[in-house]
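Only one structure is covered here, and it is reproduced in the block below.
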Amino acid sequence: MKLIAVCICTHNRADILSECLEGLAIQDGLERACVLVVGSNCTDRTPEVVESFLGRIPDLIYLAEKTPGTPVARNRALAETNAKYMAFLDDDAIPQPGWLDGILETFESHGADVVGGKVIPHWKGKRPWWIGDTYYPLLGSVDFGDGMCLPDRFLPTGANMAFRTVLLREVGGFDPKFGICTVNGREVNRYRGDDAYISLQLKKRGCKFLYTGNAPVLHLSRGQTVAFSRELRRARQKGRSMGALGPFEALASEEEDYVWASACALACMLRLHVRDAIVFYIVAVMKKAALREFLLCSGKPRRPWTGSLPAMIRLRRGLLGLLKRTLIGRPVVPELQAAPIRVSAKGGIPTASAGEPAVHSELGENR
């Protein structure tokens, strides 16, 4: 029995998949792992690409799944393995050297039940002019630094996450209602977030979540696919998903993030930082769209002041600090989350961090 199964779900992206498998082929300790590539209704060269790596990845299996949808593909891999742990990668995520060791160390040495790794956007082609490094959360970036910690409100993203296999089976696997579903090259899903769904189920059970910066992946971002209309659609899908999940603890957080983004947009305009103002305005619009879809889907009453007055009251000290930084000319940075809690080297009791800023995933998978 293998210690860990690495699952890659893909749909007609043979060229990108080859880069992901190339990153896996250079990992140390591959004898402890089996790699399952699930082709979700693939009609391109995906089987041939997988076959070309058979001599380099010791235990590599291709599974053809006719039913489209990322959750269905992940459940197929779950049914096919008896490994102790399961790690999931997007087909456009390239694991970096040490990724496999980093995931296993977090499980074995620190007793984690769920592990989320670092996700670093990596551009193919020219990066859009309006996206700077500060705004990588817009693209699904996850970066709480190196080492291990317990970030506030942390849910791993599907580009780089791992679980104890027995826990996945106890909650019934991934819900096909959520997640990406592509038919004939077009997304047909109303909801997204099968990774968030499974993580919330495990959080309710009191499972131990850990972030590790020692297991990074590069997440391919393509300049031609990053557009306001696409990101707005993804935000609406996220809002519907939050409503469909039932009670969602992050609603207050979404309201606060909306206020922060709006305030930062105004602050940047006052300082004539046009690019930053545009980006923060886009983030604010997407946050508002997600809130609207959440209220519509969950059946909660719509309040005219949603995302404004209550959140401003909760954040009054922070907003005053933002105004002060603007007036004295210091950089405007959205401090959207509390600093993570650090985990000691020996896996003992967590200790408070030194207050470093955290960058978090806003919109889940970047596909």
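Listed values, structure above:
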item	result
Per-peptide average of other Cβ atoms within 10 Å, ordering 212-218, 168-174 highest first	212-218, 168-174
Rounded, prolate or oblate (a/c below 1.5 giving rounded, otherwise prolate when a/b exceeds b/c) for the stretch 4-229 by Cα gyration tensor	rounded
Taking the C-alpha atoms of the stretch 1-85, convex hull volume expressed per residue in Å³	78 Å³
Cα-projected label distance for Lys124 with Ser109, points at 7 Å along beta-carbon direction, nm	3.4 nm
Ile341 versus Leu296: modelled label distance in nm, points set 7 Å from Cα along the beta carbon direction	3.8 nm
Evaluated at q = 0.17, 0.27, 0.29 Å⁻¹: base-10 log I(q)/I(0), Debye formula over Cα of the stretch 39-79	-0.49, -0.95, -1.00
Summed residue charge, Cβ within 10 Å of Asp44's Cβ, Lys/Arg positive, Asp/Glu negative	0
Pairs beyond 26 Å (Cα-Cα), from Lys177/Lys288; Lys203/Lys238; Lys2/Lys124	Lys2/Lys124
For Ala215, distant residues with modelled amide H under 5 Å away	Lys118
Cβ crowding within 10 Å averaged over residues, with 154-165, 74-85 ranked highest first	154-165, 74-85
Cut-off under 5 Å, modelled amide H: who pairs with Ser221 long-range	His122, Trp123, Lys124
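A short reminder: the numbers here are calculations on the coordinates, not readings from a lab. Computed from a prediction, not measured in an experiment: that's the story for all the values here. Virtual Cβ from ideal backbone geometry, glycine too; neighbours counted across all protein chains shown.
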